[in-house]
Amino acid sequence: MRSEESDILEFKLRVDSQRKIAKTLVAFANGLGGQIVVGVRDSGSVAGCRVDEEFYMIQGAAQLHTRPEVPISAREERWEHKSVLVVEVPPSILAPHLAHDEDQDIWRAYVRRGAANYKANRVLLESINLKFTGEAKATSDQLRLLHLMDSGEFSSASMLGRKSGLPIREVEDGLAVLVRWGQIEAVPVEQGWRYRPQRE
């Protein structure tokens with residue numbers, strides 16, 4: 001076993017759905033980039049794959065189901081005497097990228113957390129935008145949000161709005177700047193996203 005799935009690594013036995021793999025392409029491109037290895041089970045055991053067929057599926061996913069189109073590169077490697085397809089997704093200067101939803105005819109942005117992809121909310125979309133505009137500035141009111149968070153506890157945007165007395169849009173803008181600066185982390189939970197100061 002080479003490694004385990006993470007923020008920057010995804011194993012796929014095969015690509016069954018272009019729309020589903022498009023979410024991973026988008027999530028990697030919207031973040032630190034990443035690598036998809038096709039022909040490997042989630043456990044990390046190598047099964048091998050038909051590289052040409054899998055590349056066709058991934059290339060189609062990028063071209064048809066991401067916008068702007070996620071740039072990829074791919075190569076065949078031999079792992080444990082079997083062929084696997086290694087797809088490289090660089091962090092993109094065109095982010096945020098959107099993926100075509102599997103069930104509905106809508107486009108959504110995704111981000112990667114651990115070994116899973118999550119729908120990006122407004123805070124995360126704004127933090128991605130700030131990455132490229134260089135306009136990551138917050139007002140003193142918004143900076144107070146950091147002091148309103150308990151170090152070990154998760155806070156929602158609405159709870160921080162109530163504590164600070166700021167309109168929700170200002171709270172979200174402030175959180176986006178703090179995420180971009182690396183002062184807080186955004187964590188997916190069942191009810192959406194929660195925020196807490198970045199751990200050392």
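The condition of being more than 15 Å from VAL26 (Cβ to Cβ), of a type outside the set (S, T, N, Q) and either modelled with pLDDT under 90 or in the same structural domain as ASP42 (by TED's automatic domain parsing) (or both) holds for only one of LEU94, LEU166, LEU146, LEU98, that being LEU146.
Scanning region 130-173 for residues that are in a helix (DSSP H, G or I), of a type in the set (D, E, K, R) and more than 23 Å from the chain's Cα centre (by Cα) yields a count of 5.
Among residues of region 112-124 being touching a strand residue (DSSP E or B) at 6+ places or on another chain (Cβ under 6 Å) and part of a strand (DSSP E or B), the one that is surrounded by the most Cβ atoms within 10 Å (Cβ to Cβ) is ASN117. Select the strands (runs of 3 or more DSSP E) contained entirely in region 1-93, then report the ones holding at least 2 residues which are among the basic types (Lys, Arg) and farther than 29 Å from LEU125 by Cβ. Those strands (runs of 3 or more DSSP E) span 73-79.
What about ASP105, is it free of Cβ contacts under 8 Å to residues at least 12 places away in the same chain, part of a loop (DSSP other than H, G, I, E, B), under 24 Å from ILE128 (Cα atoms) and not assigned by TED's automatic domain parsing to the domain that holds ASN129? Yes; evaluated as a whole, the condition is true for this residue. Against the definition (modelled with pLDDT of 90 or more, in a helix (DSSP H, G or I) and more than 13 Å from the chain's Cα centre (by Cα)), how does SER127 come out, yes or no? For SER127, the condition - modelled with pLDDT of 90 or more, in a helix (DSSP H, G or I) and more than 13 Å from the chain's Cα centre (by Cα) - is not met.
Collect the residues in region 4-53 that are on the phi > 0 side of the Ramachandran plot and modelled with pLDDT under 95, keeping them in residue-number order. Selection gives GLY44 alone.
The values are calculated or read from the model by the stated rules, or taken from the named source; none is laboratory data. Because the structure is a prediction, the values reported are computed rather than measured. Heads up, the Cβs are rebuilt from the backbone with ideal geometry, glycines too, and the neighbour counts pull from every protein chain shown.
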